[in-house]
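Structure, as structure tokens:
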Amino acid sequence: NSPSAPQTLIDGNVLAAKSFASCGVTHMFGVVGIPVTSLANRAVSLGIRFLAFHNEQSAGYAASAYGYLTGRPGLLLTVSGPGCVHGLAGLSNAMVNTWPMVMISGSCDQKDAGRGDFQELDQIEAVEPFSKFSVKAKDVKDIPNCVVQVLDRAVAGRPGGCYLDLPSDVLHQTVTESEAESLVTAALNSSESKPIANGSEVPTSEIERAVELLRKAERPLIVFGKGASYARTENELRKLIETTGVPFLPTPMGKGLLPDTHELAAGAARSLAIGKCDVALVVGARLNWLLHFGEPPKWSKDVKFILVDVCKDEIELRKPHLGLIGDAKKVLELINKEIKDDPFCLAKSHPWAEAISKKAKENVSRMEAQLAKDVVPFNFLTPMRIIRDAILGVGSPAPIVVSEGANTMDVGRAVLVQTEPRTRLDAGTWGTMGIGLGYCIAAAVAEPNRLVVAVEGDSGFGFSAMEVETLVRYQLPVVVIVFNNGGVYGGDRRSPEEITGPFKDDPAPTSFVPGAAYHIVIEAFGGKGYLVGTPDELKSALAESFSARKPTVINVTIDPYAGAESGRLQHKN
Ligand code: ADP
């Protein structure tokens, strides 16, 4: 450029897109509108795939699951005010699940804030309880730095949700192209990116103590959760478990790190395993409600916990016998190294491993006897068995299973078999219903070689059913199986004394239109729908849709009175 030649100017939308692309971002989920439409368009022109949703809630769930599956922050783009508020669903879900995610929202013009501007909201304040870090770009020149910061912070330490606020005036300010280049370069150079806390600082003496505890235990157990999945510990866990012969128990999303069919799997003998173990090595899983807080009566009062977690606060909260703070993959490597010099083995004839295996086999054969029956109209078990067998028939790479609903998720967790890591996504730590379609879309774009199969209740499906259009628009290989029992928990289960008052003739609060034709919803957009009510119909719909790998909804008619209200959590309702 000669000094007099006019320099090309770019605005904040373009600079933000450039910054994300320069940081290696490849996908973004969101809903466009004022003032971020141009940001999305520019992102696409720079090679970022933008998955455009109908609702920020679903897009946010997608971003959170994308973060979990890829280990890189999932991005959610929203408009200001209500867009940001809808996006909080995804952001909070990411925080609670400890998954890396960044929400980026446009916001109102800074000079009009406080005067009732279009879609005005103090978004930095609104996201506060739901994010680990937030930042507002107050000037166009701040954008590259802010982008680098939110991406770094989302994955640093315990992963979680971060927020970037982009006011509309900042998005419309301009800089020259050459200035933009140097701002982006400077920001990238300042990146303090530490993907996850390293575990190498765990003192050798603590690793030795952990191994000693396991070695001396009479009834050791290894428990792992979605933090261990996120940390990609499958090889280290397999090595540890197979060299020691210690039985293992995955949490719902830990399932698949080792196959559910492994001879040391204690999933089918869960009560015995947690009730009787004397030392439990818990990797990347919180001792929260899902693990009964690590307390009696489910656990023995004398159990010694060894917790491995990247988060110091988590260890301090639980006060385990021994806490190892660090990245699970690294810590397990150190444990394996320590064991290598003196392997101990719970031989196949060890009474503890044998008791677990015996109990697991008994429980499995009892369950199989139930599953073997073809019950029509369908209960939950018969179609779940048929779906399990169809999924296993796909082989490797195994499909990603997305699961939600009360009974559907409970039965699915027990019946569906996970054979590969990170192939199960469900309602998670918060029991969030409505995640289904968002998770399906994230899974399909994050893992394009895998088929995605959602197994969900009609209520879970309804939260975001319009996103079936998104499936069709992007032609994603997703088969959504809806267990249709006509409502939340199914048919009207009220007692006569609950059916009184002026609105007693309204449908029950738990009811939907009986026989709702969900399969036709996807056909409205050009996808494939099936209505099935018998084993043969279901088998043929699964065979066709699994080989077609096209957007599909299979509407499975379930007996409205099968299953239980609140599924497994009746005591909480
Ligand atoms: P689950 O629901 O499967 O029981 P949780 O979500 O309760 O699992 O627990 C996951 C835990 O994993 C969190 O406490 C989180 O801090 C931790 N975590 C996340 N990433 C890592 C990592 N790389 N190494 C170790 N722990 C991790």
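The values are calculated or read from the model by the stated rules, or taken from the named source; none is laboratory data. These numbers come from a predicted model, not from an experiment. Positions of Cβ are backbone-derived with ideal geometry, glycine not excepted, and every protein chain shown enters the neighbour counts. Each accessible area value is taken on the protein alone, full model and side chains, heavy atoms only, with ligands, DNA and RNA left out. Shrake-Rupley method; radii C 1.70, N 1.55, O 1.52, S 1.80 Å.
Conditions tested, residue by residue: (1) of a type in the set (Val, Ile, Thr); (2) within 28 Å of the chain's Cα centre (by Cα); (3) open to solvent by less than 20 Å² (accessible area, probe 1.4 Å).
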residue	(1), (2), (3)
Asp302	no, no, no
Ile306	yes, yes, yes
Ile315	yes, yes, yes
Leu332	no, yes, yes
Lys340	no, no, no
Pro343	no, no, no
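Mind checking which residues of the stretch 307-330 are in contact (Cβ under 8 Å) with a residue 24 or more places away in the chain and either more than 16 Å from the ligand (Cβ to nearest atom) or among the small types (Gly, Ala, Ser) (or both)? If the condition is that a residue be in contact (Cβ under 8 Å) with a residue 24 or more places away in the chain and either more than 16 Å from the ligand (Cβ to nearest atom) or among the small types (Gly, Ala, Ser) (or both), then His321, Gly326, Ala328 are the ones that fit.
Would you check which residues across the stretch 111-146 are more than 30 Å from Asp309 (Cα to Cα), touching a residue at least 40 places away in the same chain (Cβ under 8 Å) and either within 16 Å of the ligand (Cβ to nearest atom) or in a helix (DSSP H, G or I) (or both) and list them? Residues satisfying the conditions are Lys111, Gln123, Val140, Lys141, Ile143, Pro144. With a requirement of 1 or more residues that are over 19 Å from the mean Cα position of the chain (by Cα), the strands (runs of 3 or more DSSP E) lying completely within the stretch 9-83 that satisfy it span 9-11, 49-52, 74-78. The number of residues in the stretch 445-457 that are out of contact with any Ser or Thr (no Cβ under 8 Å at 6 or more places or on another chain) and surrounded by fewer than 24 Cβ atoms within 10 Å (Cβ to Cβ) comes to 5. Being in a helix (DSSP H, G or I), open to solvent by less than 10 Å² (accessible area, probe 1.4 Å) and out of contact with any Ser or Thr (no Cβ under 6 Å at 6 or more places or on another chain) is the filter here, so list the residues in the stretch 147-164 that pass it. Once the filter is applied, which keeps residues that are in a helix (DSSP H, G or I), open to solvent by less than 10 Å² (accessible area, probe 1.4 Å) and out of contact with any Ser or Thr (no Cβ under 6 Å at 6 or more places or on another chain), the stretch 147-164 yields Val150, Ala154.
Residue count for the stretch 248-295 satisfying the condition of being within 12 Å of the ligand (Cβ to nearest atom), under 19 Å from Gln418 (Cβ atoms) and not aliphatic (A, V, I, L, M): 7. So how many residues does the stretch 391-413 have that are open to solvent by less than 30 Å² (accessible area, probe 1.4 Å), more than 18 Å from Gly267 (Cβ to Cβ) and at pLDDT 95 or above? The number of residues fulfilling the criteria is 4. Set side by side, the residues Thr470, Thr429, Thr408 differ, and just one is β-branched (Val, Ile, Thr) and within 16 Å of the ligand (Cβ to nearest atom), which is Thr429.
Of the residues Lys358, Lys301, which single one is assigned to a helix (DSSP H, G or I), more than 16 Å from the ligand (Cβ to nearest atom) and closer than 20 Å to Pro220 by Cβ?
Within the list Lys358, Lys301, the selection yields Lys358.
If you filter the stretch 486-518 down to residues that are touching a Phe, Trp or Tyr at 6+ places or on another chain (Cβ under 7 Å), among the small types (Gly, Ala, Ser) and part of a loop (DSSP other than H, G, I, E, B), you find that the one that is surrounded by the most Cβ atoms within 10 Å (Cβ to Cβ) is Gly490. List pairs: first in the stretch 546-558 and assigned to a strand (DSSP E or B), second modelled with pLDDT under 95, Cβ under 6 Å, 6+ apart or cross-chain? Going by the 6 Å Cβ cut-off, the qualifying pairs are Ile558/Asn485. Screening Pro383 on (1) under 30 Å from Ala231 (Cβ atoms); (2) surrounded by 23 or more Cβ atoms within 10 Å (Cβ to Cβ) shows it passes everything except condition (1). Evaluate the stretch 331-353: report whether one residue or more is over 16 Å from Leu213 (Cβ atoms), more than 9 Å from the ligand (Cβ to nearest atom) and among the hydroxyl-bearing types (Ser, Thr, Tyr). The answer is yes; a qualifying residue exists.
Going by the structure shown, is Leu324 part of a loop (DSSP other than H, G, I, E, B) and either among the acidic types (Asp, Glu) or open to solvent by less than 60 Å² (accessible area, probe 1.4 Å) (or both)?
On the way: part of a loop (DSSP other than H, G, I, E, B): no; either among the acidic types (Asp, Glu) or open to solvent by less than 60 Å² (accessible area, probe 1.4 Å) (or both): yes.
No, not satisfied.
For the stretch 117-125, the condition of being open to solvent by less than 20 Å² (accessible area, probe 1.4 Å) and in contact with a Leu (Cβ under 9 Å, 6 or more places away or on another chain) holds for none of the residues. What is the number of the single condition among (1) open to solvent by 70 Å² or more (accessible area, probe 1.4 Å); (2) more than 30 Å from Ser545 (Cα to Cα) that Pro377 does not meet? Evaluating Pro377 over (1) open to solvent by 70 Å² or more (accessible area, probe 1.4 Å); (2) more than 30 Å from Ser545 (Cα to Cα) leaves (2) as the failure.
Residue pairs whose Cβ atoms lie under 6 Å apart, separated by 6 or more positions or on different chains, with the first residue in the stretch 92-110 and open to solvent by 10 Å² or more (accessible area, probe 1.4 Å) and the second within 16 Å of the ligand (Cβ to nearest atom) and assigned to a strand (DSSP E or B), are Met95/Gly161. Yes or no: the stretch 383-401 includes at least one residue that is out of contact with any helix residue (DSSP H, G or I) (no Cβ under 7 Å at 6 or more places or on another chain) and basic (Lys, Arg). For the stretch 383-401, residues out of contact with any helix residue (DSSP H, G or I) (no Cβ under 7 Å at 6 or more places or on another chain) and basic (Lys, Arg): absent.
Inside the stretch 222-236, residues that are buried (at least 24 other Cβ atoms within 10 Å of the Cβ) and more than 12 Å from the ligand (Cβ to nearest atom) make up a count of 1.
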